[in-house]
Amino acid sequence: MKILNYINGSLVEPIGGDWLDNINPATGQKYGVLPDSRAVDIQEAVKAASAAFPEWSALTQAQRSNYLLKIADLIEANKDRLALAETNDNGKPLSLSQRMDIPRAADNFRFYATAALHLHSETYDMGEAGFNYVLNKPIGVAGLISPWNLPLYLFTWKIAPALAVGNTVVAKPSEITPATAFLLAELAIEAELPPGVLNIVFGTGVHAGQALVENPHVPVISFTGGTETGKTLAKTAAPMFKKLSLELGGKNPNIIFADCDYDLMLKTTVASSFTNQGQICLCGSRILVEKSLYSRFLSDFSQQVSAMKVGDPLEKETRVGAIVSQAQYEKVLKYLSLAREEGGKIETGGKPLYDVNERCAKGWFIAPTIITGLGPECRTNQEEIFGPVVTIQSFETEEEALTLANDSKYGLSATVWTNDLKRAHRVSAKIESGIIWVNCWLVRDLRTPFGGMKASGIGREGGFEALKFFTETRNICIQL
Ligand code: TXE
């Protein structure tokens with residue numbers, strides 16, 4: 001697959017003629033190329049987006065929404081092609097791409113196309129003094145940067161709200177998983193989206209990403225990725241007074257009380273620990289179990305995890321696919337060595353797998369891993385590993401559970417398992433996370449605000465928050 005930039009409605013090569021290899025992590029083999037775009041490519045895209053902004057922002061909300069609904073329909077009509085591209089790029093099981101990533105990409109466009117029709121404003125009658133009203137207007141060119149773990153899902157989650165309320169867009173997907181973004185560009189052309197409204201530029205963070213963030217004609221930036229990268233990005237954007245949303249890493253607690261619905265908890269905990277090879281910022285990587293339940297849980301959980309099929313992402317029985325890149329693979333293996341050095345006990349997994357099948361002989365696979373015997377202060381429990389690795393710690397009291405849960409620089413999501421209604425509310429309100437699931441995981445309602453606290457980022461995506469993020473308000477006061 002030769003991926004091209006999508007600028008001003010056309011598919012074009014990088015101006016400087018630099019290319020990157022696109023690698024399939026399941027086979028470890030190159031299967032395409034993508035532009036290694038530089039500032040000059042970003043400038044062309046920003047120019048096109050700026051030129052398209054007046055007309056796009058002047059359309060009625062219904063006219064813009066119709067374009068987004070068309071794209072949603074095209075995503076659904078091309079779901080098999082998109083799911084295969086997602087899996088070839090990311091290494092996740094094809095069944096997961098089909099079940100989660102691609103349907104959610106269509107939902108993102110459909111949700112924001114319709115939500116934007118209901119974005120309300122405010123007016124206040126001040127009697128003699130006159131009246132106040134608030135105008136929500138699009139900002140201009142939105143710079144959107146997305147990561148490799150849920151490529152099309154997170155890419156469209158930024159593009160849809162930004163376009164819906166009238167901004168034009170320059171979007172840069174992760175260079176590690178570019179394929180579905182390229183297919184989305186082809187669908188935008190098929191939807192006859194006016195040239196320059198959406199521009200997709202491929203390349204690395206240090207070149208294309210950095211150029212987008214520092215471009216003076218891009219007043220709003222939405223980023224999802226690593227916390228360290230978020231810091232770099234904020235350093236560039238802050239002195240330019242850009243509007244900034246940062247969705248960063250997480251090290252999420254999964255708190256299990258003894259009175260939980262055990263079978264539901266066990267089944268869901270396997271999923272919340274290892275879905276997408278544990279490469280979802282919402283995975284529950286720190287499992288905290290009430291002492292009285294610890295031995296039973298450890299035995300049952302270990303047994304279920306060691307039975308998970310780690311395999312070729314194209315095979316339908318596969319539950320755990322390939323790690324997204326050689327760099328991420330080596331990063332996770334380094335953390336497994338660190339866990340051993342810190343005194344951790346590997347209950348299951350803890351090693352790379354080489355004998356997946358012939359096609360995947362050179363792919364990057366790691367057995368889902370459970371580690372016990374580590375305290376909250378160690379690096380294994382403090383740092384985001386972002387792979388198929390969880391630790392288990394036990395607690396005796398609710399206060400101890402909360403202390404362990406909040407002992408993290410991150411604050412993205414948390415899961416609480418209990419059938420005690422009062423405790424569910426009490427504990428949830430004290431957890432320092434932006435998203436809390438009780439007796440479930442990854443149950444998402446697109447109307448809700450999504451985001452973390454502490455080192456997990458700033459700002460909120462999702463729901464009307466995302467639409468408001470991509471607008472700026474004018475408060476107009478009129479004396480009668
Ligand atoms: O993210 P990066 P990576 C975590 C996870 C992972 C770590 C790094 O722990 O191991 O982040 O992952 C672009 N200016 N998460 O390397 O580097 C880059 O090209 C502008 C959690 O994928 O943050 C890519 O498009 N852009 C996260 C995007 O930023 C820059 C999901 C993300 O890349 C840039 C993924 C720069 N200076 C990883 N440097 C989550 N919260 O879901 C890089 N980029």
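The values are calculated or read from the model by the stated rules, or taken from the named source; none is laboratory data. Worth saying up front: this structure is predicted, and the values here are computed from it rather than measured. Every residue, glycine as well, gets a Cβ built from its backbone with ideal geometry; the counts of neighbours run over all protein chains shown. When the accessible area is computed, the model is the full protein with side chains, heavy atoms only, and any ligands, DNA or RNA have been set aside. Shrake-Rupley method; radii C 1.70, N 1.55, O 1.52, S 1.80 Å.
Some observations on this one:
- Restricted to the range 239-280, and to residues there that are within 16 Å of the ligand (Cβ to nearest atom) and β-branched (V, I, T), the residue that is farthest from Y410 (Cα to Cα) is T275.
- The one condition in (1) surrounded by fewer than 20 Cβ atoms within 10 Å (Cβ to Cβ); (2) among the charged types (D, E, K, R); (3) over 19 Å from V197 (Cα atoms) that E86 fails to fulfil: (1)
- Among the residues making up the range 45-81, those that are in contact (Cβ under 8 Å) with a residue 60 or more places away in the chain, closer than 18 Å to F182 by Cα and either of a type in the set (D, E, K, R) or in contact with a Cys (Cβ under 8 Å, 6 or more places away or on another chain) (or both) are K70, R81.
- Residues satisfying the criterion are absent from the range 460-477 (criterion: under 25 Å from L266 (Cβ atoms), hydrophobic (A, V, I, L, M, F, W, C) and within 16 Å of the ligand (Cβ to nearest atom)).
- Condition met for E228 (near the ligand (Cβ under 9 Å from one of its atoms), open to solvent by 20 Å² or more (accessible area, probe 1.4 Å) and over 25 Å from F395 (Cα atoms)): yes
- Residues located in the range 381-425, provided they are open to solvent by 30 Å² or more (accessible area, probe 1.4 Å) and among the aromatic types (F, W, Y): F386
- Each residue in the range 24-41 was checked for being surrounded by 22 or more Cβ atoms within 10 Å (Cβ to Cβ) and either within 15 Å of A85 (Cα to Cα) or not assigned by TED's automatic domain parsing to the domain that holds P178 (or both), and 4 pass.
- Residue match in the range 428-440 (condition: within 29 Å of D89 (Cα to Cα) and of a type in the set (F, W, Y)): no
- Here the strands (runs of 3 or more DSSP E) wholly within the range 412-480 that include at least 1 residues being more than 21 Å from S272 (Cα to Cα) and more than 17 Å from the chain's Cα centre (by Cα) are 471-478.
- Note on the range 10-41: residues that are assigned to a strand (DSSP E or B) and of a type outside the set (K, R) total 15.
- Listed conditions (1) within 16 Å of the ligand (Cβ to nearest atom); (2) more than 16 Å from K79 (Cα to Cα) are all met by F182, apart from (2).
- Condition met for G203 (open to solvent by less than 10 Å² (accessible area, probe 1.4 Å), within 10 Å of the ligand (Cβ to nearest atom) and either among the polar types (S, T, N, Q) or at positive phi (or both)): yes
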